[in-house]
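Written below as structure tokens is the structure these notes are about.
The values are calculated or read from the model by the stated rules, or taken from the named source; none is laboratory data. All figures in this text were calculated on a predicted structure; none of them were measured in a lab. Cβ placement follows ideal geometry from the backbone for every residue including glycine, while neighbour counts extend to all protein chains displayed. Note: accessible area is taken over every heavy atom of the protein model, side chains too, but ligands, DNA and RNA are not part of it. Shrake-Rupley method; radii C 1.70, N 1.55, O 1.52, S 1.80 Å.
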Amino acid sequence: MLTYILRRICLMVFILLGVSIITFSLMHFVPGDPAEVIAIERYGEEVTAETIEHVRRELELDQPIYIQYFRWLINVLHGDLGYSHRTDRPVLDEIMARLPATVELALAGMLVSLIIAIPVGIISATKQYSIVDNVSMFGALLGVSMPNFWLGLLLILFFSVHLGWLPVFGRGGIEHLILPAITLGTGMAAITTRLMRSSMLEVLRQDYIRTARAKGLSEKVVINKHALKNALIPVVTVVGLQFGFLLEGAVIVEVIFAWPGVGRLLVDSIFARDFPVIQGCILFIAVMFVLVNLLVDISYAYLDPKIRYEAR
């Protein structure tokens, strides 16, 4: 197990290095002069060529790309993500200030998905090929096919504009969290529902379930006491992996609902050509994603005794 974990950590380093190189390269291929954008934001629309050139030299944007990258990489290895070109604040402080909002939204989205997926998946499996099962699977297919941004706009139109029940945007009380959480959690709920159903069906066909039924146990006891725990093992794994995807999906949802999280900070920084913040946000999301994956892989080994990670 220790060898497996060390091998995964080494792989994580190469993944993060690749993500940083690709992100840094793509940022400099985007059309537009970042020095001009930053100069306009600082000094207004009437900036001169000398002012733009001054900003370029000040931010070292006149250096070759590979020199900029290696300088940034060395700073990152020392725990310094740089300073925002717009606010002059440390990038790490900017990210940490937005992180609670993103984690809150991701956890709420996961909660919504589990509340929907687990009971619906169990009911669909125990009533296979019934009307309930068919309706549930159609709903799951609809949910997984529906883009987040489209669902979010529909929810805003119906619950906020027409009914006036919930706020359109911003972060505040629980009422501000409902629509973004539903938008973020619906896609994950659809995937988890299908997985929960197939996992439960597989468990219900096992011999020990037949034995439990032959002993005269009620169907409720068979499902809750004997089948559910084993059926949840693959679901727990996928749910953990999908938490990383929820962090990524939160970028779109945060923009739609003006949620002040890391995703919205990333999008705002892209429009402002704030390279240090863009690079820092993407690196931070990548680190979170690979760490969640690693934790899920390790926890899976403990949940399922059949899993063994052996050094080769």
Original post:
Given R₀ = 35 Å, FRET efficiency for Leu201-Cys10 by Cβ-Cβ distance, to 0.05?
Top reply: 0.35
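Would you tally the net charge around Glu104, using a Cβ to Cβ cut-off of less than 15 Å, leaving Glu104 out, and scoring K and R as +1, D and E as -1? Mind showing how you got there, number by number?
Numbers: positive: Arg98, Arg171, Arg264; negative: Glu175, Glu254.
After counting each charged neighbour, the total is +1.
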Original post:
Can you give me the Cα centroid spacing of region 151-175 and region 178-216 in angstrom?
Top reply: 30
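If you roll a 1.4 Å probe over region 130-288 with all protein chains in place, what percent of the accessible area is carbon or sulfur?
Carbon with sulfur: 70 percent of the solvent-accessible area.
Give me Rg over Rh for region 35-144, both radii from the alpha carbons and Rh done the Kirkwood way, two decimal places.
Working: Rg = 25.3 Å, Rh = 19.0 Å.
Ratio value, two decimals: 1.33.
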Original post:
Considering only protein heavy atoms, what per residue accessible area in square angstrom results for the chain with a 1.4 angstrom probe?
Top reply: 55
**OP:** Excluding Arg194 itself, calculate the net charge of residues whose Cβ lies under 14 Å from the Cβ of Arg194, where each Lys or Arg counts +1 and each Asp or Glu counts -1.
**Re:** -1
**OP:** Name the residue, out of Glu175, Glu202, Glu58, whose mean-square fluctuation peaks in a Gaussian network model built on the chain with Cα pairs under 10 Å.
**Re:** Glu58
Original post:
If you line up the Cα atoms of region 211-267 on their principal axes, what length do they span on each, largest first, in Å?
Top reply: 59, 19, 11
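Calculate the dipole size of the chain relative to its Cα centre from +1 charges on Lys and Arg beta carbons and -1 charges on Asp and Glu beta carbons; express the result in debye to the nearest 20. Working shown, then result.
Values: 25 positive and 27 negative charges, 462 e Å.
So the magnitude is around 2220 debye.
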**OP:** Identify which of Phe284, Phe158, Phe243 has the largest mean-square fluctuation in a Gaussian network model of the chain, with springs joining Cα atoms closer than 10 Å.
**Re:** Phe158
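Can you give the percent of C-alpha pairs in region 157-302 whose distance is more than 25 Å? Each step should come with its number before you reach the end.
Working: 5311 of 10585 pairs.
Everything past 25 Å amounts to 50 percent.
May I ask you to compute the full-extension gain from Leu228 to Leu99, defined as 0.36 nm times their residue separation minus their alpha-carbon distance, rounded to one decimal in nm?
Details: separation 129, 0.36 × 129 = 46.44 nm, distance 3.41 nm.
Difference between extended and current length: 43.0 nm.
For a Förster distance of 51 Å, can you work out the FRET efficiency between the beta-carbons of Ser130 and Arg57, rounded to the nearest 0.05?
On the way: r = 71 Å, r/R0 = 1.39.
Efficiency for this residue pair is about 0.10.
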**OP:** Using only the alpha carbons, work out the radius of gyration and Dmax of the chain in angstrom.
**Re:** 24.2, 87
Original post:
What residue among Lys127, Lys225, Lys215 shows peak mean-square fluctuation when the chain is described by a Gaussian network model with Cα springs under 10 Å?
Top reply: Lys215
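Please work out how much length the chain gains when fully extended from Asp88 to Leu154, using 0.36 nm per residue of separation minus the C-alpha to C-alpha distance, in nm with one decimal. Provide the component values of the computation, followed by the final result.
Details: separation 66, 0.36 × 66 = 23.76 nm, distance 3.77 nm.
Length gained, Asp88 through Leu154: 20.0 nm.
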Subject >> Net +/- balance of residues flanking Ile52 in space, Cβ distance below 9 Å, scoring K and R +1, D and E -1 >> reply: -3
Original post:
Which helices, taking whole DSSP H runs in the chain, have alpha carbons extending 27 angstrom or more along the helix axis plus mean Kyte-Doolittle at least -0.5?
Top reply: 2-29, 91-126, 174-204, 228-256, 275-303
Original post:
Is any residue of region 228-245 close enough, with backbone N under 12 Å, to a label point placed 7 angstrom from the Cα of Tyr208 along the Cα-Cβ axis, and if so, which?
Top reply: 228-231
